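Contents: one structure, followed by commentary.
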């Protein structure tokens, strides 16, 4: 026990002297279809020339954790290395009937619903491994909902630095101010992951947040 405590103390002193961890775990969380994978893809494409996963208009396209290691992000002469972790969309209820609207067959819809439910559980479990979390919200949706409250609550409990991204600001119905009003205690950045709008501001915010780790 004493040895472990001494080891943790030494590790803390080491990081204080020599800087941050070599690779910070950067997780992307949020409800389905908010644009988590689109944003993770843009980052990975910008700095590794490879995407992390595929996207779809059908909810819960991402149903398992997917990640890319050693993504070195450069911004204004500074560099930081991240492990990019894209998580399944979090939902309070997943009904297979919701997928039938997208012309999926009943068997496929049931399989997707089961996998998506397991993905939500997996996403929450992975929170314990995160250094920094980006919550991606759809700027045309109401930010005051149970899913967002659940995500924020879990992050607050773990004292993980958070950045909130209001995605899809390229759409006419996007309401950045409403997202900012919903989460006044957090930095909120409005972007379009699809078109890369305000992506530089996003990188600036990530570097600033990473200093808190």
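What follows draws every value from the coordinates through simple rules; no lab data is involved. Remember, it's a predicted structure, so these values are computed and weren't measured experimentally. No Cβ is skipped: glycine too gets one built from the backbone with ideal geometry, and neighbour counts run over all protein chains shown.
Points worth noting:
- Fewest-first ordering of 128, 187 by other beta carbons within 10 Å of each residue's beta carbon gives 128, 187.
- Residue order, fewest to most beta carbons within 10 Å, for 80, 130: 80, 130
- Once the C-beta distance of residue 186 and residue 103 is scaled by a Förster radius of 45 Å, the resulting FRET efficiency is 0.75 to the nearest 0.05.
- Segment 21-210 - share of DSSP beta bridges that are antiparallel (%, nearest 5): 30 percent
- log₁₀ of I(q)/I(0) at q = 0.17 Å⁻¹ - segment 118-211, Debye sum with one point per alpha carbon: -0.77
- Helix 106-126 and the long axis of the chain differ in direction by around 20°, with both axes built from C-alpha atoms.
- Residue order, fewest to most surrounding Cβ atoms within 10 angstrom, among 147, 132, 213: 213, 132, 147
- Of 167, 145, 198, the one that fluctuates the most in a GNM where the chain has Cα springs shorter than 10 Å: 145
- Taking label positions 7 Å along the Cα-Cβ direction at both residue 197 and residue 51, the computed distance is 2.1 nm, reported to one decimal.
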